[in-house]
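Each value in this text was obtained by applying a stated rule to the coordinates, not by laboratory testing. Here the structure is a predicted model, which is why all the values come from computation and not from measurement. Here the Cβ positions follow ideal geometry from the backbone for every residue, glycine too, while neighbour counts run over all protein chains shown.
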Amino acid sequence: MKKSLDIKTLLRENIKNIKPYSSARDEFTGEASVYIDANENPYSSVDGSKNNRYPDPYQQSLKDIVAEIKNIQKQQLFLGNGSDEAIELLYKAFCNPGKDKTIISSPTYGMYKVCADTNDIECIDIPLKPDFELDVPAILNAQTQETKILWVCSPNNPSGNLLNDSDIIKLLENFNGIVAIDEAYIDFTNKTSWIERLKDYSNLVVLQTFSKAWGLANIRLGMLFASEEIIAVINKIKLPYNISGLVQDFALKALTNNQSKKDNMVASILEERERLSKELVEIPCVEKVFPSDSNFLLVKTTAAREIYKFLLTKGIVTRDRSTIYLCEGCIRMTIGTKEENDALLLSLKEFL
Ligand SMILES: *Cc1c(COP(=O)(O)O)cnc(C)c1O
């Protein structure tokens, strides 16, 4: 099945007709010998480096390589200061503050609600079922004229599992707003990305990031994939120079010819994930290790807070998720190196 929604009917009224800021780099894109259009310093940077010129506002060279890696048209790609910027911009494009709403399914990534709150967008929580799958009838029942964005995090953070395809398809077909699928952990699965289905669903947007599998969290670079029409809107409302030239240059080098390096690191992480889950369940203070399609494990323990604090005394920082819905007693543990995982196992065995 396919779905064709008129995106214009979903956009905020003020966004539909907005005239974007036109930067000097927008108005002239060719080559010239004298650049006196952008009030830059003509000499160099104070440290002697060459950072005195504004960067490409649309990151064309970097997008060429990202589009190639992801096998998608450049026009269907937006690059953000982390995928968090894309989350923020989706609200800005589609949700009228004080009026429109968004739907999340707890337990899930915290930024959907934080960004909704800071933008005065009401966040409706239709929690995941105890098996960490979407409650499709309840989500569709909660949909109104005002519910503009539905967040689907798959694999989900903090539960770690991929969500059922058939549930997601039902939502794509029956939700009359934007369905935003966050695939931050997709590289740790064999699953094909929902990017492949963009042509079938005009209301689908997909988020991915270079922060996890690619090991580039420090440079802050996230991706949003959507129809050309949606990407054009996002480009219109983003801040002009949202990705610095340093990050563009750095990412261009880091992403070139390094896909197999990424795959090798992912393979090691997956190997360690299997070993860690097997060894964790043997430890007395561990009650259960949830199945994971990501680079972390959600671990149900006998005394989460105490274990979290005990691990801190051993110099090991985990994420205590025990106060979160459906995560009672749970600690989230990122898969580390073999040595780090060994240290974790050793410490947990010492906890009495
Ligand atoms: C880590 C994570 C992100 C990544 O955000 P960046 O801003 O790109 O670093 C996005 N979504 C989820 C669910 C995450 O866990």
Quote the relative contact order of the stretch 1-141 in percent (integer), defining contacts as alpha-carbon pairs under 8 Å separated by 6+ residues.
16
Across Lys3/Lys113; Lys16/Lys101; Lys16/Lys199; Lys63/Lys113; Lys113/Lys278; Lys101/Lys170, pairs whose alpha-carbon gap is larger than 24 Å:
Lys3/Lys113; Lys63/Lys113; Lys113/Lys278
Size of the dipole of the stretch 173-296 about the Cα centre, Lys and Arg at +1 and Asp and Glu at -1 on the beta carbon, nothing else charged, in debye to 20?
420
Rounded to the nearest Å, what's the spacing between the alpha carbon centres of the stretch 202-267 and the stretch 137-190? Just the number, please.
21
Give me the percent relative contact order of the stretch 136-221, please, defined on Cα pairs under 8 angstrom at least 6 residues apart.
26
Angle in degrees between helix 304-313 and the longest Cα principal axis of the chain, rounded to the nearest 10
80
Simple spin-label estimate for Lys253/Val114, 7 Å along Cα→Cβ, in nm, reads 3.0
Projected onto the charge dipole of the chain (unit charges on the beta-carbon of Lys, Arg, Asp and Glu, signs +1, +1, -1, -1), the Cα from Ile335, Ser202, Leu346 with the largest positive-side position is that of Ser202
Degrees separating the helix 245-255 axis from the principal Cα axis of the chain, which is the longest one:
60
Can you tell me the length gained on complete extension of the stretch Lys8 to Ser244, counting 0.36 nm per residue apart and subtracting the Cα distance?
81.9 nm
Those Cys residues of the chain for which no other cysteine Cβ falls under 4.7 Å
Cys95, Cys115, Cys123, Cys153, Cys285
For the chain, what is the mean residue ellipticity at 222 nm derived from helices alone (per DSSP H run of n ≥ 4: -39500 (n - 2.57); sum divided by total residues; nearest 500 deg cm²/dmol)?
-10000 deg cm²/dmol
5 angstrom amide H check on Asp135, placed H, neighbours 5+ away
Lys129
The stretch 301-348: chymotrypsin sites (Phe, Trp or Tyr not before Pro) in DSSP coil with no more than 16 other Cβ atoms inside 10 Å:
Tyr325
Once both axes come from the Cα atoms, what is the angle between helix 338-350 and the longest principal axis of the chain, in degrees from 0 to 90, rounded to 10?
40
Along the stretch 53-70, what does the Karplus equation 6.51 cos²θ - 1.76 cosθ + 1.60 (θ = phi - 60°) give for ³J(HN,Hα), rounded to whole Hz, x for Gly and Pro?
9, 5, x, 5, x, 10, 6, 4, 5, 5, 5, 4, 6, 5, 4, 5, 4, 8
Quick one: putting +1 on the C-beta of Lys and Arg, -1 on the C-beta of Asp and Glu, what dipole do you get for the stretch 49-92 around its Cα centre, in Debye to the nearest 20?
160
Give me the percent of Cα-Cα pairs in the chain that sit more than 28 Å apart, rounded to a whole number.
49
Of all the stretches in the chain, which is the longest one without any exposed loop site, taking GluC sites (Glu not before Pro) in a DSSP loop (any state but H, G, I, E, B) with at most 14 other Cβ atoms within 10 Å?
41-281
Measuring from its Cα centre, the chain shows a charge dipole (+1 at each Lys and Arg Cβ, -1 at each Asp and Glu Cβ) which, in debye to the nearest 20, is 140
Which whole-number percent is the relative contact order of the chain (Cα, under 8 Å, 6+ apart)?
18
